[in-house]
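The values are calculated or read from the model by the stated rules, or taken from the named source; none is laboratory data. Only a predicted model underlies this, so the values are computations on that prediction, with no experimental measurement involved. Glycine gets a Cβ as well: all are built from the backbone with ideal geometry, and neighbour counts include every protein chain shown.
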Amino acid sequence: MANRGKCFVYSPPGDKSISQRAAIMAFFAKGKSELGNFSNSRDSKAVLKCIKKMGAEIIKTGSKVIIIPGRKIRKNIVLNCGESATAMRLLAGALSGAGAKAVLKAEKTLKNRSMQELAAALRKIGADVKLSDKNRPPVKIYPGRIKNSVFFQKKPSAQIKSAVILAGISSEKKIKFKESCKTRDHTERLLKIFKAPLKRKKGFLITGRQYLEGAKVEIPGDFSCAAYFLLAAILKKGAEIKVKKTGLNPLRTGLLKILKKMGADIKTAAKKRSWEPEGEIYASYSSLKGASINEREIISAVDELPLIALAACAAKGKTEIKVLNSLKNKESDRIETSIKLAQAIGAKSSLKKGKIEIIPCRLAGGKKVDFCRDHRIIMAAEIASLICSEPLKISGRECVKKSYPGFYTDLKKFKNFNFS
């Protein structure tokens, strides 16, 4: 990579997805756990509030969180998962396996997200789970009888996979789980750290009579946070960025492959001997070209669809993106809002036969668009404003705290950086 000037050096906050998983496992473990570089996102804080109400003692020292689990789960407990779908799904699985009686409540955007797939998966292995009439939260957990089961997952979902696995572990039942295709494996990697590794045989993940032990976990930086500034550097003339201490899990960093496919100048340097792949990413301004992006590529970039749409707007030529139906069940219908984002920037965009089609035009911007309080769409819109003739008129900025409270501080640093 040529050095054309000064390089913006950036470190993302702790990974939100891993932080939430680690905190839940720490509660169900025997003994104290220490979680370093814990995410300061609102979702991660919601998980800590839930496990504290369940009986855990939580000690915070800077970015480190120490969790001392209670002797047993409090009875008839009502937990507020905030807007965290990860918290709701993984806690539902773990609590179902533990034979608990609990109600998992939601706030704001999570209130409108379907939990039908979660309930169906847990019921299949013997859990007693009830939802509202529209299959939305609250999720009510009753003491059921988790049974030894074989589970074939038809639709890719790392959260549903994690819920079923945690139900198997907390119930000490044998669950043989097989994915239709690989999804992010943070849960499987963390289970090794908590001394409850899953067995693998003929493509199945297998739980058994395992229990978790308290652990020390150093959480890598959140790639999904880093992604905004990686793309910003790729789209801004003369820009160059070095991202330090970020997660590089190949089942999570599909955006890098997609951007390289579109012509981006990106290099990675992995850290050796890390429980979770991590390291550094280098990127610089690049002239992008349109591309055809398939479903498997999107699975490992599921949180980055708005950024892929933005990259397509700045590319030369048409881009087609095969989308997953599960993207409709995010904080917004993320297929629809990604199309709205592309149109607001100035591109022609529509959904045709399960594919988002984007044909770039003049990047005018200047429009006011309702992004349905979707944190990822709003952050992508802010990055889009950097390359538009006029910035987009964005409302609901406060919701970015759900995943990235320091986003606007880091955005200001990027805007004010002198790349010459």
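Annotations for the structure displayed:
- Condition met for E107 (without any contact (Cβ under 8 Å) to a residue 24 or more places away in the chain and not β-branched (V, I, T)): no
- Test: residue in the stretch 320-328 that is at pLDDT below 95, under 19 Å from Y10 (Cα atoms) and out of contact with any helix residue (DSSP H, G or I) (no Cβ under 8 Å at 6 or more places or on another chain): no
One line per residue, one yes/no per condition, for (1) farther than 26 Å from A120 by Cβ; (2) within 24 Å of the chain's Cα centre (by Cα); (3) among the charged types (D, E, K, R):
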| site | (1), (2), (3) |
| --- | --- |
| I51 | no, yes, no |
| G62 | yes, yes, no |
| R71 | yes, no, yes |
| N76 | no, no, no |
| A85 | no, yes, no |
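- Criterion (over 30 Å from S84 (Cβ atoms) and not assigned by TED's automatic domain parsing to the domain that holds E117) met by exactly one of C388, C399: C388
- Residues that are surrounded by fewer than 15 Cβ atoms within 10 Å (Cβ to Cβ), farther than 17 Å from K244 by Cα and charged (D, E, K, R), drawn from the stretch 401-419: K412, K415
- Selection status of I308, of a type in the set (A, V, I, L, M, F, W, C) and over 17 Å from the mean Cα position of the chain (by Cα): no
- Single condition S33 does not satisfy, out of (1) outside the structural domain of L191 (by TED's automatic domain parsing); (2) over 30 Å from K330 (Cα atoms); (3) small (G, A, S): (1)
- Test: residue in the stretch 175-198 that is buried (at least 16 other Cβ atoms within 10 Å of the Cβ), basic (K, R) and more than 18 Å from the chain's Cα centre (by Cα): yes
- Screening the stretch 191-228 for residues that are out of contact with any helix residue (DSSP H, G or I) (no Cβ under 7 Å at 6 or more places or on another chain) and of a type in the set (D, E) and picking the one that is nearest to L259 (Cα to Cα) gives E218.
- Check on S284, farther than 30 Å from K353 by Cβ, at pLDDT below 95 and of a type in the set (G, A, S): no
- Of everything in the stretch 61-73 that is surrounded by fewer than 14 Cβ atoms within 10 Å (Cβ to Cβ) and either in contact with a Lys or Arg (Cβ under 6 Å, 6 or more places away or on another chain) or not small (G, A, S) (or both), the residue that is modelled with the lowest pLDDT is R71.
- Residue check for S287: among the hydroxyl-bearing types (S, T, Y), in a helix (DSSP H, G or I) and out of contact with any Asp or Glu (no Cβ under 6 Å at 6 or more places or on another chain): no
- Checking P156 against (1) free of Cβ contacts under 8 Å to residues at least 40 places away in the same chain; (2) of a type outside the set (S, T, Y); (3) more than 13 Å from A98 (Cα to Cα), the condition it does not meet: (1)
- Odd one out for A227 among (1) more than 23 Å from the chain's Cα centre (by Cα); (2) assigned to a helix (DSSP H, G or I): (1)
- Hits in the stretch 354-401 (condition: touching a residue at least 40 places away in the same chain (Cβ under 8 Å), under 14 Å from E336 (Cα atoms) and β-branched (V, I, T)): I356, I358, I377
- Restricting attention to the stretch 250-298 and to residues that are within 22 Å of the chain's Cα centre (by Cα) and among the basic types (K, R), the residue that is surrounded by the fewest Cβ atoms within 10 Å (Cβ to Cβ) turns out to be R296.
- Yes/no for R362 being under 24 Å from the mean Cα position of the chain (by Cα) and either within 19 Å of R184 (Cα to Cα) or at pLDDT below 95 (or both): no
- Under the condition of being in a loop (DSSP other than H, G, I, E, B) and within 20 Å of L118 (Cα to Cα), the residues counted in the stretch 45-84 number 4.
- Some residue of the stretch 250-266 being among the hydroxyl-bearing types (S, T, Y), in the same structural domain as M379 (by TED's automatic domain parsing), in a strand (DSSP E or B) and modelled with pLDDT of 95 or more: no
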